[in-house]
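Presented below is the structure to which this report refers.
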Amino acid sequence: MKLIPLSVPNFEGNERKYVDDAIDQGWVSTGGAYITKLEQNMAGFLHTENVAACQSGTSALHLSLIEAGVRPGDAVLVPPLTFIAAVNPVKYQFATPIFIDCDDSFCMDPVKLQDFCERECQFNGQNLTYKDKTIKALIVVHVFGNMADMVSILKIAHRYNIKVIEDATEALGTKYTEGPLTGKFAGTIGDFGCYSFNGNKIITTGGGGAVTANDAKIVDHIRYLSTQAKDDSHYYIHHEVGYNYRMTNVQAALGVAQMEELPEFIRRKQRNYETYKTLFSNFELAKLKPFRKGTASNKWFYSLEIDRNKVTAPIRDIITRLEQKGIQTRAIWGLINEQLPYVNEYAYRLEKAPYYAERILNFPSSTQITEEEIAYVAEQIMLVLKELS
Ligand SMILES: *Cc1c(COP(=O)(O)O)cnc(C)c1O
């Protein structure tokens, strides 16, 4: 049986043409015109001055933490309910993550964030400290393409002098349409914004990422760090410890083609979401989660919240049954603070994150999915949940 996949790449555009071109020119590694082109196209799309293309979303996050001044012994506020790559780079810097709960958007809850800063920390007008650690930054993830409450989060971050790193790896193209941040894209609001082009994201370069910052000079420095901190193109002079984090030209060739298609991918994701919304509208056992009001989300991933008063079966059973019907679904992530490397870290009053960890089912959202497939997916999900209720 053919499986309807959760989310697969779409190469309907100029991907082959540009990749062939990069190969023909012999520029396959970390230099070449497609890298610059991708950076310029992204900057244009996001209305930001400077974008540095790098090897992954994870490396984008790591470089942002370095640039934000996160050093061994510092602390960084992070989410518990997201992909672990959002948090691991904190450990790369030998810093300490502190977990702050999400709200109903799955993104960092500004109320709990404020409570934590006010009640658990000391602020001397310059530095916010928790026990003996300075909180240098927070990492806010726009989960599934849903914009976090950036208006509130920015206010708190400014109040306590902490840098805001936006993990927009799932939210390329999501923007505000109302309020003080109207027109602003996810990733261009805080001090740093990180994107990913992994195979499951809205556009892909196989593996890859990008980073932007509110100061163009900082992005230049990030680019420098990503290329082994090479000061001179001929004589191998290095004034800092660099990284091999630069995107390759072959990846960027894919990326340039994907950027051409991004608006169409977003349109399809939004249209398919509306179709699902209609199909699930009268369903009592689970509700389709909305995206934040006052924003236009890229609607990268869709989620159903299962009513646990009516359906008690573990998510695993639901996933297995749907797989037997040719539909790939998955649970939201396991809580990061419960993963072995993080069990000893402090988690502040987690309530919503564990609540949603048991209730969320993600289902097929590829840009190529057909109307018939959407109808089948919705019908079978409803059937399976009824069987298990
Ligand atoms: C995909 C993802 C990352 C990591 O991106 P990679 O390109 O795979 O390194 C980080 N954070 C979140 C929330 C992600 O979904």
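No lab work stands behind these numbers, since they all come straight from the coordinates. All of these numbers come straight from a predicted model, not from anything done at the bench. A quick note on method: Cβ atoms are made from the backbone with ideal geometry, for glycine too, and the neighbour counts reach across all protein chains shown.
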Report task. Report the full-extension gain for the segment Glu358 to Ser233: residue separation times 0.36 nm, less the Cα-Cα distance, to one decimal in nm. Result -> 39.7 nm
Query raised in the report: Of Gln380, Ala286, Cys194, which is farthest on the positive side of the dipole of the chain, counting Cα position, with +1 on Lys and Arg Cβ, -1 on Asp and Glu Cβ, and the Cα centre as origin?
Result: Ala286
Query raised in the report: What spacing in nm lies between the two simple spin-label points modelled at His158 and Leu340, each 7 Å away from Cα in the Cβ direction?
Result: 4.4
Query raised in the report: With a ≥ b ≥ c the root eigenvalues of the C-alpha gyration tensor of the chain, is it rounded (a/c under 1.5), prolate (a/b larger than b/c) or oblate?
Result: oblate
Query raised in the report: Length gain on complete extension for the stretch Glu372 to Asp115, per 0.36 nm per residue less the alpha carbon to alpha carbon distance?
Result: 87.8 nm
Query - Those trypsin sites (Lys or Arg not before Pro) in region 302-358 that DSSP places in a loop and that have at most 13 other beta carbons within 10 Å - result: Arg308, Lys310
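With a sphere of radius 12 Å drawn around the Cβ of Thr129, what net charge do the other residues whose Cβ falls strictly inside it have (Lys, Arg +1; Asp, Glu -1)?
My count for the surroundings of Thr129 gives 0.
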Query raised in the report: If one computes the Cα centroid of region 8-80 and of region 105-138, what distance in Å separates the two points?
Result: 30
Query raised in the report: Rounded, prolate or oblate: which one fits region 56-160, using the alpha carbon gyration tensor with axes a ≥ b ≥ c (rounded when a/c is under 1.5, else prolate when a/b beats b/c, else oblate)?
Result: oblate
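Tell me the GluC sites (Glu not before Pro) within region 296-389 that lie in a loop according to DSSP and have at most 14 other beta-carbon atoms within 10 Å.
Hits after loop and neighbour filter: Glu351, Glu358.
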Requested in this report: Could you tell me which of rounded, prolate or oblate describes region 262-388, using a ≥ b ≥ c as the square roots of the eigenvalues of the alpha-carbon gyration tensor, with rounded for a/c under 1.5 and, failing that, prolate when a/b is larger than b/c and oblate otherwise?
Outcome: oblate
